Amino acid sequence: MSVLTWIAIVYPIFALINVTFIQGLHTFNTYSLICGCTLAVMASISYFYERIKYPGPQSLLHDPTFWISTGILFYNTCSLPLNGILNVVANMPSNFYKIIYPINVVMNIILYLLFSISFICNLIFRKSS
């Protein structure tokens, strides 16, 4: 079995155990979030490694997978420290959340902007061929 198959089996089991026994239903499950973000960052980095190792004839700017991987890498790298500490700072004043919320909004906008570029590249590439 490949590594991705093992991850696809083990991660949901870990998340279920975390929800059921470790952090419970009434808290934000930061352990699952940290693990999931780390796995997504590792998958994105492995995509970039493969692109560097085996460059294809296609330009990266016209490759939808490049834009999707860039979005996933950016979002998960930035959201990991912000969302990973939410349980720790749960008792802090609401001013902290007023700082985190706009940062999350900007990260989401950039993520979906990169996804949109990916879909547009896919449409343009499909029409031109």
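Please count how many residues of segment 44-93 are polar (S, T, N, Q), under 21 Å from residue 33 (Cβ atoms), in a helix (DSSP H, G or I) and open to solvent by 50 Å² or more (accessible area, probe 1.4 Å).
2
If residue 31 satisfies every condition in (1) open to solvent by less than 80 Å² (accessible area, probe 1.4 Å); (2) at pLDDT below 95; (3) under 16 Å from the mean Cα position of the chain (by Cα) but one, which is the exception?
If we test residue 31 against (1) open to solvent by less than 80 Å² (accessible area, probe 1.4 Å); (2) at pLDDT below 95; (3) under 16 Å from the mean Cα position of the chain (by Cα), just (1) comes out false.
Would you pick out the residues in segment 114-129 that are in contact (Cβ under 8 Å) with a residue 40 or more places away in the chain and among the aliphatic types (A, V, I, L, M)?
114, 117, 124
Could you give every pair whose Cβ atoms fall below 7 Å, whose first residue belongs to segment 85-112 and is touching a residue at least 24 places away in the same chain (Cβ under 8 Å), and whose second residue is part of a loop (DSSP other than H, G, I, E, B) and of a type in the set (Val, Ile, Thr), counting only separations of at least 6 or pairs across chains?
Once the first residue is touching a residue at least 24 places away in the same chain (Cβ under 8 Å) and sits in segment 85-112, its partners that are part of a loop (DSSP other than H, G, I, E, B) and of a type in the set (Val, Ile, Thr) give 87/27.
Tell me, yes or no, whether segment 16-24 has at least one residue that is surrounded by fewer than 16 Cβ atoms within 10 Å (Cβ to Cβ), modelled with pLDDT of 90 or more, in contact with a Leu (Cβ under 8 Å, 6 or more places away or on another chain) and on the phi < 0 side of the Ramachandran plot.
Within segment 16-24, one or more residues are surrounded by fewer than 16 Cβ atoms within 10 Å (Cβ to Cβ), modelled with pLDDT of 90 or more, in contact with a Leu (Cβ under 8 Å, 6 or more places away or on another chain) and on the phi < 0 side of the Ramachandran plot.
Within the set of pairs 6+ apart or on separate chains, which have a first residue in segment 62-73 that is farther than 20 Å from residue 106 by Cα, a second that is modelled with pLDDT under 95 and open to solvent by 30 Å² or more (accessible area, probe 1.4 Å), and C-beta atoms under 6 Å apart?
Partner pairs satisfying both residue conditions: 62/125; 64/122; 66/60.
The values are calculated or read from the model by the stated rules, or taken from the named source; none is laboratory data. Small disclaimer: the values here were computed from a predicted structure and weren't measured. As a convention, Cβ positions derive from the backbone with ideal geometry for all residues, glycine included, and neighbour counts pool all protein chains shown. Accessible surface areas use protein heavy atoms only, side chains included; no ligands, DNA or RNA. Shrake-Rupley method; radii C 1.70, N 1.55, O 1.52, S 1.80 Å.
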